[in-house]
Amino acid sequence: MTVETAYEWLYRVVLAALGLCLFFSLFRAIRGPRVADRIVAVNMAGTQTTVIIAILAVMMGEGYLADVALIYTMLSFLAVVLLTRVYLGVWRERQIKAEKEEKSDA
């Protein structure tokens with residue numbers, strides 16, 4: 001077995017493991033008990049996807065895939081920030097509504 005063959009097998013095993021982890025992350029993002037769990041799962045899925053793209057860039061010897069991974073990382077970060085801001089906005093509205101209901105009951 002040559003070094004190149006060993007690396008190819010290593011890449012394939014790591015890609016399979018990351019694919020399985022990505023499946024579980026997406027499962028948690030859909031099923032998560034709280035919104036915060038879902039946001040963390042989406043962030044983790046984005047990170048795993050970036051690593052998969054980077055491994056494919058090394059495996060295939062295509063340099064442009066590294067640029068794609070960087071762009072995907074930026075988009076994933078912005079998506080998580082946007083989801084967090086929306087979640088905090090909804091949480092604040094619920095807090096204000098609960099405070100108004102407490103004042104009206106008193």
Taking region 1-22 on its own, how many of its residues are surrounded by 10 or more Cβ atoms within 10 Å (Cβ to Cβ) and either among the β-branched types (Val, Ile, Thr) or touching a Ser or Thr at 6+ places or on another chain (Cβ under 8 Å) (or both)? 3
If Thr49 meets every condition in (1) without any contact (Cβ under 8 Å) to a residue 24 or more places away in the chain; (2) of a type in the set (Val, Ile, Thr); (3) surrounded by 17 or more Cβ atoms within 10 Å (Cβ to Cβ) apart from one, which number is that one? (1)
Exactly one condition in (1) buried (at least 17 other Cβ atoms within 10 Å of the Cβ); (2) of a type in the set (Val, Ile, Thr); (3) more than 14 Å from the chain's Cα centre (by Cα) is not met by Val42; state its number. (3)
Condition first: free of Cβ contacts under 8 Å to residues at least 40 places away in the same chain and among the polar types (S, T, N, Q). Now tell me which residues in region 67-100 satisfy that. Thr73, Ser76, Gln95
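Coordinate-derived values only; no laboratory data. Bear in mind that the values here come from a model prediction, so they are computed numbers and not experimental data. Glycine also receives a Cβ, built like all others from the backbone with ideal geometry; neighbour counts cover every protein chain displayed.
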